[in-house]
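Undergrad: Please read through the structure below; I'll follow up with questions.
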Amino acid sequence: MLISIFVPQQIHDRVSCLGLSALNNVFLKKNYMSAAAKVYKRVTTNALIEMKASGTKISMLTAYDYSMAKAVDAANIDVILVGDSASNVMSGHETTLPITVDQMIYHASAVVNAVKRALVVVDLPFGSYQSDPKEALRSSIRIMKEAGAHAVKIEGGAEIKDSMVRILKAGIPVMGHLGLTPQSIYKFGTYTVRAREEAEAEKLLEDAKLLEQLGCFALVLEKIPAALAKKVAKAVQIPVIGIGAGGDVDGQVLVLHDMLGLTTEFSPRFLRRYMHLYDQMTTAIKQYVKDVKSNDFPNKDEQY
Ligand code: KIV
């Protein structure tokens, strides 16, 4: 049921601002009670905040090219992430570190060309925002302008505050990313679960609150204990999207190639494979090779 209440202008203004207060939360919850049934023709950052307020889970997947993004968008995904995981799955690098801003723009513009409904978020790659806020802004502007992205994603908390503020001030929506942040893999030394220890868990919670306060519209939490992720999702009013962070968050993200079974060497506990595409593709390609060799392909109907 939609509860209709008179909303004074100041409250209205506060609701549209991303630094959400408890008052906004009450307002949003009342007004978006029926938003579960709401159909979004185009997903915006505000739509995601509405989804959290109404208890509607957010779906997010990666994509790096036109054809895949078209299929993902047609399936009504809410958010497409042009992740720097492209470095792994598209280029075969061991880490996400080598991918450049130019390469991210190449992938992102192909995705944007395909998408009609989803919000397209693009990772700022390693080295494009850490050194100084001006460079962070420059990289973000390039991604927004040259690729047509709708938002950027950045890894880290308090240590990248100045870059975050600079980007947000330019009117560019930012998604945060905490927990296992793959760009810091050489600091961590391992891809194991983060924030099991109290000190790291406390810092993560404080960082999440800081990112909300700065004006991030959402937050990814990667590979942390489910209980901690639940605590973070309760503590902030911006949507918390998990990967290996349990079910008590506001949405889920997976790497498309992993959930389709196109990658085979990566099998963390949190990954659910919906297909075994690598095997199916290899079977189909083997059949094609056989058909060519045996002169079965092309047949009379397959030629001019
Ligand atoms: O680059 C990526 O694919 C990501 C997701 C794992 C969240 O950052």
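Derivation of every value follows stated rules applied to the coordinates shown; laboratory data play no part. Because the structure is predicted, anything quoted here is derived from the model rather than measured. Note that we place each Cβ from the backbone using ideal geometry, even for glycine, and neighbour counts take in every protein chain shown.
Undergrad: Mind checking the full-extension length gain between Lys300 and Arg272? Use 0.36 nm per residue of separation minus the Cα-Cα distance, one decimal, nm. List each step's numbers first, then the result.
TA: Values: separation 28, 0.36 × 28 = 10.08 nm, distance 4.28 nm.
Net length gain for the segment: 5.8 nm.
Undergrad: What ranking do 284-290, 254-260 get when scored by the average of other Cβ atoms within 10 Å per residue, highest first? Mind showing how you got there, number by number?
TA: Working: 284-290: 10.9, 254-260: 21.3.
The most tightly packed comes first, giving 254-260, 284-290.
Undergrad: Sort 123-136, 167-180 for me by packing, meaning the mean count of neighbouring Cβ atoms within 10 Å per residue, highest on top. Spell out each step's value before the answer.
TA: Values: 123-136: 19.5, 167-180: 21.4.
Those peptides, ordered most packed to least, come out 167-180, 123-136.
Undergrad: Enumerate the amide H contacts of Val220 below 5 Å, restricted to partners 5 or more residues apart or on another chain; note that Pro and chain-start residues carry no placed amide H.
TA: The answer is Gly176, His177, Leu178, Ile241.
Undergrad: Sorted from fewest to most neighbouring beta carbons within 10 Å, what does the list Leu211, Leu262 look like?
TA: Leu262, Leu211
Undergrad: Moving on. Amide H neighbours of Gly251 under 5 Å, at least 5 residues apart or on other chains, H built in the peptide plane: list them.
TA: Sorted by chain and number, the residues that satisfy this are Ile58, Val240, Gly242.
Undergrad: Further question on the same structure: Any of Lys41/Lys153; Lys70/Lys293; Lys161/Lys234; Lys38/Lys116; Lys203/Lys223; Lys134/Lys187 with alpha carbons more than 27 Å apart? Name them for me. Mind dumping the intermediate values first?
TA: Details: Lys41/Lys153 23 Å; Lys70/Lys293 33 Å; Lys161/Lys234 22 Å; Lys38/Lys116 17 Å; Lys203/Lys223 15 Å; Lys134/Lys187 25 Å.
Violating the 27 Å limit, Cα to Cα: Lys70/Lys293.
Undergrad: For Lys145, list the aspartates and glutamates whose Cα falls under 13 Å from its own Cα; do not include residues on the same chain fewer than 8 positions away.
TA: Within the straight-line cut-off, Lys145 pairs with Asp102.
Undergrad: Of the listed peptides 92-104, 138-150, what is their order by residue-averaged count of other C-beta atoms within 10 Å, with the highest listed first?
TA: Details: 92-104: 16.3, 138-150: 19.4.
Listed from highest to lowest mean packing, they are 138-150, 92-104.
Undergrad: With θ taken as phi - 60° and the coefficients 6.51, -1.76 and 1.60, list the Karplus ³J(HN,Hα) couplings across the range 183-194 in order, rounded to whole Hz; mark glycine and proline as x.
TA: Whole-Hz 3J(HN,Hα) from phi for the range 183-194: 5, 9, 4, 6, 7, 6, x, 7, 8, 6, 4, 9.
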